[in-house]
Amino acid sequence: MKIPKQIKGYGFVYPIFQKKNYKWLGTINHKKGYIVLQKNQHHCRKESSLLHELIHMVSSENDLNLKETQVNLLETGLYQILKDNKLLK
């Protein structure tokens with residue numbers, strides 16, 4: 001998948017910034033409404049990181065309070081299904 005410059009979700013537009021040598025693979029700032037991805041990670045990892053942050057978005061917006069372990073499990077499973085079925089390029 002091409003990493004977009006922004007993504008719409010729950011009525012908001014979240015800019016997506018890519019920063020070289022960023023501390024984490026990705027983060028989402030719910031209050032300010034943006035996502036940051038580490039620029040110098042492998043493209044597949046970047047896709048997975050974006051999916052991870054989108055799961056955090058869904059969890060936050062729906063008051064699911066998913067733990068990081070749960071987000072990791074959902075991200076890994078969903079990403080693998082999308083890749084196995086060639087839904088990501």
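Bear in mind these aren't lab numbers, they're just calculated from the coordinates by the rules spelled out. Just so we're clear, the structure is a prediction, and the values are computed from it rather than from any experiment. Cβ coordinates were reconstructed from backbone atoms using ideal geometry, including for glycine residues, and neighbour counts include every protein chain displayed.
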Worksheet item: How long is the gain from Ser60 to Lys8 if the chain were fully straight, where each residue apart is worth 0.36 nm and the alpha carbon distance is subtracted?
Response: 17.2 nm
Practice prompt. Would you mind calculating the relative contact order of the chain from Cα pairs under 8 angstrom and at least 6 residues apart, reporting the percent as a whole number?
Written response: 22
Worksheet item: If you place +1 on the Cβ of every Lys and Arg and -1 on the Cβ of every Asp and Glu, how big does the dipole about the Cα centre of the chain come out, in debye to the nearest 20?
Response: 560
Discussion item. Charges on Cβ only, +1 for Lys and Arg, -1 for Asp and Glu, centred on the Cα centroid of the chain; of His52, Leu64, Gln6, which one is farthest towards the dipole's positive end?
Written reply: Gln6
Worksheet item: Roughly what would the spin-label model give for Gln41 and Lys19, points 7 Å off Cα along C-beta, in nm?
Response: 1.4
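Hey, what number do you get for the chain at 222 nm if only DSSP H runs of n ≥ 4 count, each worth -39500 (n - 2.57), divided across all residues, to the nearest 500? Walk me through the numbers before you get to the answer.
Numbers: 2 runs with 36 residues, N = 89.
Helix-only estimate at 222 nm: -13500 deg cm²/dmol.
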Discussion item. Give me the one-decimal nm value for the distance between modelled label points at Leu74 and Leu88, 7 Å along each residue's Cα-to-Cβ direction.
Written reply: 1.6
Item to complete: Would you please classify the overall shape of region 6-84 from the alpha carbon gyration tensor, given that a ≥ b ≥ c denote the square roots of the eigenvalues, rounded means a/c under 1.5, and beyond that prolate means a/b larger than b/c while oblate covers the rest?
Response: oblate
